[in-house]
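What follows is calculated from the coordinates using simple rules that are stated; it is not laboratory data. Since the model is a prediction, treat every value here as computed from it, not as a measurement. No Cβ is skipped: glycine too gets one built from the backbone with ideal geometry, and neighbour counts run over all protein chains shown.
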Amino acid sequence: MKKLPLLITIGIVLLMLGGYFLYTHNLKNRAIGAWDLVPSDALAVYESDNCKSCIEKTKETAVWTVFNKASLYNKAIDSLRDDVFTLLSPGANYLLSVHATKKDDFDFIVFYPQLQKAVSLFSDIKNKSSKFSTREFSSITINEVHLAGQILSWCVIDNILVASFTPFLIEDVIRTYDASKDNFKKTLSSLRQLTKIRGDAGNLYLRLNALEEIVSVFSREYSTLLNSFGKVSVLDIKAEDNNLSLNGFSADTSALVAGTLSLFRSQSPVSFKLENFIPNRTIALNNLGISNGNDFNKDLINYRKSKAAHLNDTLKKIGSSLNVDLNALYNNIEDEIAICYVESFKRKGYSKILFIETAKYSSWIKVFSDLSAKLSVDTIFYEKFGNYQIKDVPVFRFPEKILWPLVNGFDDMYYTNIGNTIIIGDDLDELKKVLTDIDEDDTWGKSVSVNKFLGTTLLEANISFYVNTPKVWSVISSSLHPKWNKFIRDNQKLVSSLQMGAIQFSNLNHSYYTNISWNYKTVEAAGQSPPRERYVTRLNSNITRIHAVKSHISKSDELLVQDSLNDLALLSNEGEVLWKKSIGDPIVGEIYQIDFLANGKLQYFFATKDALHVIDRLGNYVSPYPLRLSVSDIEHVSVIDYDHSKRYRFIVTESSGKIWMYDKEGNDLDGWNPKDLASKLLMSPQHYRIKGRDYIIGVSNNGVVHLMNRRGESIKGFPLDVKARLRGDFFLETGRATADTYFVVVDEDGFKVKFNIEGKIVARETLLKSSVTSKFYLLNEKNAKSYLVVQQDARQFKILDQTGKQIISNDFTGSNPAIVNFYDFGSGKSYISVTDLTQELTYIYDMEGNLLTSPPVESSLLTLRPKESGQIRIYYIQNNAVVIESL
């Protein structure tokens with residue numbers, strides 16, 4: 001037998017065995033650091049630094065306080081947690097990882113390398129509890145202490161103590177150590193090698209491909225933009241001057257799995273220049289910097305190949321079948337695309353407005369016009385609104401098709417332009433309101449506080465997500481998990497301390513410089529009531545009317561008041577009398593502010609029993625006013641501006657139901673001289689533009705509804721008898737089309753009726769009565785954003801929301817005559833005032849039904865207005881005195 005093959009075989013076996021034992025020996029005795037133990041599914045990891053003052057400064061910020069309270073919310077808080085976190089001191093070189101533990105919760109793992117100190121502390125913790133146990137997991141001992149309804153688990157792995165209040169997280173660490181799972185360290189790749197600032201409050205490592213998971217812990221709704229956004233961010237933490245900032249770098253995902261950041265790999269950072277278009281009602285803004293539209297188009301196509309290839313196919317079909325060059329859109333993008341989320345002025349929640357800066361806006365308009373011409377069923381939609389021409393593109397979610405994943409939604413598309421900027425809305429009325437905000441300079445560019453904040457952010461970026469935090473809570477509350485919705489309510493003063501925030505990414509040499517910046521008030525200031533202001537101005541006679549107006553000069557509130565001698569006075573927001581003028585008779589109906597001369601200056605329009613008046617802010621009449629009319633019993637007036645052109649029309653209603661319409665010069669118009677509706681009206685006739693058509697509605701208290709065109713001619717299906725004794729106001733529920741647009745009225749006996757513009761009653765709902773004597777009426781919000789229903793009987797005064805749910809029950813007013821006002825100032829600030837005219841007492845409530853004035857305000861007339869600071873001011877009357885104070 002030959003020995004050589006046998007010896008070779010034995011040698012190979014010994015070599016393999018030796019290699020195996022050498023490998024396992026080195027594996028078990030390899031140098032293990034805390035980073036090697038962090039599970040790969042960590043949402044974020046905090047790495048400590050040795051700057052004690054920096055860390056203490058960060059802990060003093062409102063941002064940290066909110067996060068800290070959130071992390072402990074609905075959890076046992078006692079000395080056990082305090083003991084554990086005493087380890088987390090500057091210079092300890094610990095890691096703290098954050099993990100999702102439930103669909104609506106998160107917890108931490110502490111990795112602590114100073115073993116001797118940690119073991120000593122945990123021995124003391126063990127001795128405090130009567131319930132201590134150990135268990136084995138993968139040959140590692142896990143210690144557990146049960147105390148105050150919580151479990152603290154810890155183990156020691158290669159001289160590193162690992163602890164958490166969620167036991168299964170310790171098991172994840174052990175699995176990571178056993179190499180059955182990747183660790184977080186591998187996610188960091190080359191970014192961990194970047195130079196980090198020392199002597200700050202530490203470093204935060206944020207897993208960008210977990211953004212969707214992070215948001216889902218708090219909310220049931222999140223944007224697809226978060227899906228595979230990027231790979232990881234490494235950020236230094238710094239706090240100063242009421243601002244917490246995190247700065248560092250972010251990495252995109254691999255070339256094989258492109259993230260959203262990859263769409264900007266060929267782009268240079270761009271300056272933010274759209275601030276003069278962004279309304280102050282903005283909740284959040286996603287601003288995107290595009291320096292090269294052609295490269296952006298290529299990257300967008302490549303991104304979609306792996307994520308949504310059908311969109312590329314759809315665009316090709318649209319382009320080829322309609323002979324439209326869609327590439328012209330991308331090639332002409334210049335500088336910025338912005339998706340603006342604004343508080344909806346007509347419904348709860350928000351609406352979206354899209355801004356696109358172009359090098360050649362005519363190319364975009366041509367593509368849109370071609371699509372509209374080829375796809376419109378009957379006529380091409382067109383509407384003139386002031387200096388704007390608004391058109392539509394009848395393609396479902398067209399903005400999403402061309403700009404996904406950066407843009408989502410926009411079921412309908414209405415567009416116009418200001419210079420080279422295309423402005424797109426998915427709701428016609430919401431687009432008009434944004435255009436009005438721009439015309440009135442009610443934008444970020446004119447806001448001192450917003451501009452101050454923007455100065456703390458990156459001047460140039462590719463992605464900038466701005467959040468107006470005080471405005472965001474009320475809008476997102478419905479999408480939050482119940483736990484976090486309650487957290488917001490329980491910590492309202494604290495969360496209100498957070499102000500503007502920004503998250504920004506700028507392409508820089510194949511990585512992305514990252515800035516997260518959040519302004520805040522001090523926690524102490526947030527918990528304190530602002531200094532209570534109070535101004536009292538006495539006039540010579542009792543005051544009979546009060547109306548808040550806006551100064552076109554300072555943009556601050558002012559006050560028009562009329563006294564029993566029929567003198568009209570303008571007061572500043574501090575109660576100073578700016579002028580006083582006799583107008584001869586009491587004012588009837590509403591007071592309107594109009595730009596009569598179309599020069600940006602506002603005047604006051606109102607009526608007395610037989611005359612129309614237009615007075616400027618200095619107290620002078622505007623020619624040819626005052627105008628004496630042949631009408632001798634004016635009851636209502638209203639102002640119409642059909643197309644936002646300031647060519648006003650004035651509607652005058654007599655108590656008998658006759659209606660006149662006048663132009664600015666006082667000429668009565670054909671069809672309205674007069675239009676006799678033969679019955680007393682509930683309120684002044686109102687104008688609505690629905691899908692490009694003008695409607696004027698007048699509702700009689702005998703239940704007959706008149707819907708007319710601009711010439712006073714009845715629309716088909718009208719007059720409509722809703723067979724009800726109507727009281728109060730009427731409300732328009734606008735939908736996306738005429739088919740889902742309804743008027744709402746309320747019968748005094750408790751019926752809510754809906755009818756459409758075709759003259760058909762679509763719903764008749766019975767409201768729940770608390771007494772056979774209960775009377776009902778509909779109450780509009782001051783700016784017709786929504787409505788409430790008021791119910792009165794001898795025992796109770798109630799206010800119901802649109803669903804019939806009771807908001808307020810007032811046992812003091814009963815069936816006394818009362819003036820009720822409903823205000824929605826946005827940002828969740830909605831109020832109801834009830835003035836009992838018999839007792840001359842006013843009660844102010846929030847929308848939760850909480851009484852905010854105890855004792856009630858002694859007043860016969862009262863109005864509310866918001867201040868820029870978020871405070872609410874009360875303007876009210878006590879005999880001959882005007883009182884101005886904070887709520």
What FRET efficiency would be calculated for the residue pair residue 292, residue 643, taking the C-beta separation as r and a Förster radius of 45 Å, to the nearest 0.05?
0.70
Can you give the net charge of the other residues whose Cβ lies under 9 Å from the Cβ of residue 617, counting K and R as +1 and D and E as -1?
-1
Sorting 500, 683 on the 10 Å Cβ count, fewest up front, what's the list?
683, 500
May I ask which residue of 143, 596, 232 lies farthest towards the positive end of the charge dipole of the chain, with charges of +1 (Lys, Arg) and -1 (Asp, Glu) on Cβ and the Cα centre as origin?
143
How far, in nm, would the chain grow between residue 714 and residue 271 when pulled straight, counting 0.36 nm per residue and subtracting the alpha carbon separation?
154.2 nm
Note: residue 456 to residue 124 extended length (0.36 nm per residue) minus current alpha-carbon separation gives 114.9 nm
What does the charge count around residue 804 come to, taking other residues whose C-beta lies under 13 Å from its C-beta (Lys +1, Arg +1, Asp -1, Glu -1)?
+2
Radius of gyration and maximum dimension Dmax of region 753-811, Cα, Å:
13.0, 42
Using R₀ = 25 Å, calculate the FRET efficiency as 1/(1 + (r/R₀)^6) where r is the Cβ-Cβ separation of residue 725 and residue 819; round to 0.05.
0.75
If pairing requires two Cys Cβ atoms under 4.7 Å apart, which cysteines of the chain are left without a partner?
155, 340
Counting other beta carbons within 10 Å of each Cβ, put 377, 156, 652, 407 in order, fewest first.
377, 156, 407, 652
Using the basic label-point model (7 angstrom from Cα toward the beta carbon), what is the residue 213 to residue 420 distance in nanometres?
4.3 nm
Which order do 773, 260 fall in if you start with the one that has the fewest other Cβ atoms within 10 Å?
773, 260
Would you please give the FRET efficiency between residue 669 and residue 544, computed as 1/(1 + (r/R0)^6) with r the Cβ-Cβ distance and R0 = 22 Å, to the nearest 0.05?
0.10
When a/c reaches 1.5 or more, the comparison of a/b and b/c decides; with that in mind, is region 230-332 rounded, prolate or oblate per its Cα gyration tensor?
oblate
Length released on extending from residue 840 to residue 411, taking residue separation times 0.36 nm less the Cα-Cα span:
149.5 nm
Cβ-defined net charge surrounding residue 568, 13 Å radius [Lys, Arg +1; Asp, Glu -1]
-1
Can you give the calculated 222 nm mean residue ellipticity of the chain, where each DSSP H run of n ≥ 4 adds -39,500 (n - 2.57) and the sum is split over every residue, rounded to the nearest 500 deg cm²/dmol?
-6500 deg cm²/dmol
Convex hull of Cα atoms in region 279-440, direction-averaged projection (nm²)
9.5 nm²
